[in-house]
Amino acid sequence: MAETATPAETAHVDRVRGARRSPAEHLADAFTSGSVPGTVTLKEIPYQAMVGIRVERTSDAGARVASITGGLPATCGEVTGAGAVNALWLGPTEFLVVAPEESHDSLGGTLVSDLTTALGSDEGQVVDLSANRTTFELNGSHARAVLEKTCSLDLHPRVFKAGTAVSTELAHIPVMLWKTSEENYRIFPRASFADFLGRWLLDAMREYASPEVP
C-alpha cells in the first residue's frame with residue numbers, strides 16, 4: 001500500500017508544481033485553435049520524467065535497470081516497457097527512460113533514485129534529463145503528412161511501425177520521434193527548441209486544419 005504524503009510533502013510538491021513553466025506553455029492556446037480533432041491536433045505534454053541511461057544492457061547492472069524500466073531495447077527503433085514507464089533506444093548502451101511527471105523524485109516519485117540504485121557502483125551513468133526536453137503530441141489522420149513536410153525518414157506505416165522511436169530531425173531540429181499508435185506521434189525536442197518547433201508544426205498543420213481538407 002502506498003504511503004500517504006505528509007502535509008509538508010504535499011506542500012513541497014505544490015510549490016514545485018506552481019514554480020514550473022513548460023517550454024511551450026505560451027503556445028497552448030495556439031495549439032488548441034490550430035487543431036482539428038480527428039484530422040490533426042497538437043498539444044504539449046509537459047514535465048514528463050526523463051532519465052538518460054548508459055549501461056551495457058546484457059550486464060548485471062543492465063538487468064537491474066531493466067527491472068525498473070520493463071526492459072531495455074536491443075536495436076535501433078525499439079521501445080521497451082509497458083504502461084507508464086518506457087525505454088527508448090539511443091545507442092547500443094544508451095537509452096532514454098520516459099515516465100509520467102509524478103514518477104520524478106521532486107514530486108514524491110522514486111524513478112531517478114531507483115535507477116541510480118539499480119546501477120549501483122557498476123560502470124554506467126544515470127542522468128536526470130527531465131528539464132532538458134519537452135514532449136509534443138501530434139495526432140490525427142494528417143499527422144504523418146505534417147511530419148513528412150520536413151522529416152527525411154520514410155514514415156509509411158509499412159516501414160515506420162507503431163511502437164517505434166528514432167532520433168531524427170524536424171525542421172532541422174534534432175528530436176526523438178516516437179510513433180505510439182497508427183495516428184499518434186510523440187516528439188521530444190530540447191527545451192530551447194520548443195518554441196521554434198511548436199510554431200513550425202502549427203504552420204505545417206495549417207492546410208490540413210482548413211475546412212476544405214477532407
| task | Please work out if Asp154 is over 12 Å from Arg186 (Cβ atoms) and outside the structural domain of Ala204 (by TED's automatic domain parsing). | result | no
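Residue by residue, here is whether (1) more than 17 Å from Phe188 (Cα to Cα); (2) outside the structural domain of Thr180 (by TED's automatic domain parsing); (3) without any contact (Cβ under 8 Å) to a residue 12 or more places away in the chain holds:
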site: Asp60; (1), (2), (3): yes, yes, no
site: Ala63; (1), (2), (3): yes, yes, yes
site: Leu96; (1), (2), (3): no, yes, no
site: Thr116; (1), (2), (3): yes, yes, yes
site: Leu138; (1), (2), (3): no, no, no
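Return the residues of the stretch 67-93 that are in a helix (DSSP H, G or I) and surrounded by fewer than 19 Cβ atoms within 10 Å (Cβ to Cβ); say none if nothing qualifies.
Answer for the stretch 67-93, where residues must be in a helix (DSSP H, G or I) and surrounded by fewer than 19 Cβ atoms within 10 Å (Cβ to Cβ): just Ser67.
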| Number of the exception - Ser106 against (1) within 25 Å of Ser22 (Cα to Cα); (2) buried (at least 19 other Cβ atoms within 10 Å of the Cβ); (3) among the small types (Gly, Ala, Ser) | (2)
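Just the residues that are of a type in the set (S, T, N, Q) and surrounded by 14 or more Cβ atoms within 10 Å (Cβ to Cβ), please, taken from the stretch 24-42. Write out each step before concluding.
If we filter the stretch 24-42 for residues that are of a type in the set (S, T, N, Q), which is where we start, we get 32-33, 35, 39, 41.
Within the stretch 24-42, Ser35, Thr39, Thr41 qualify.
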| Of the conditions (1) surrounded by fewer than 18 Cβ atoms within 10 Å (Cβ to Cβ); (2) under 12 Å from the mean Cα position of the chain (by Cα); (3) hydroxyl-bearing (Ser, Thr, Tyr), Thr134 fails just one. Which one is it? | (1)
| query | For the stretch 120-171, which residues satisfy the criterion of being under 29 Å from Ser106 (Cα atoms) and of a type in the set (A, V, I, L, M, F, W, C)? | reply | Val126, Val127, Leu129, Ala131, Phe136, Leu138, Ala165, Val166
| message | I'm checking my understanding of the structure. Among residues of the stretch 43-60 that are crowded, with 19+ Cβ neighbours inside 10 Å and over 18 Å from the mean Cα position of the chain (by Cα), which one is farthest from Val79 (Cα to Cα)? | response | Val55
| task | For Val126, indicate whether it is assigned by TED's automatic domain parsing to the domain that holds Ala74 and touching a helix residue (DSSP H, G or I) at 6+ places or on another chain (Cβ under 9 Å). | result | yes
| field | Looking only at the stretch 184-207, and only at residues there that are surrounded by fewer than 18 Cβ atoms within 10 Å (Cβ to Cβ) and touching a residue at least 40 places away in the same chain (Cβ under 8 Å), the one that is nearest to Leu138 (Cα to Cα) | value | Asn184
| field | Unmet requirement for Glu101, which otherwise passes all of (1) more than 25 Å from Ser67 (Cβ to Cβ); (2) within 15 Å of the chain's Cα centre (by Cα); (3) crowded, with 16+ Cβ neighbours inside 10 Å | value | (1)
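The values are calculated or read from the model by the stated rules, or taken from the named source; none is laboratory data. Small disclaimer: the values here were computed from a predicted structure and weren't measured. In this analysis, Cβ positions are derived from the backbone assuming ideal geometry, glycine residues included, and neighbour counts consider all displayed protein chains.
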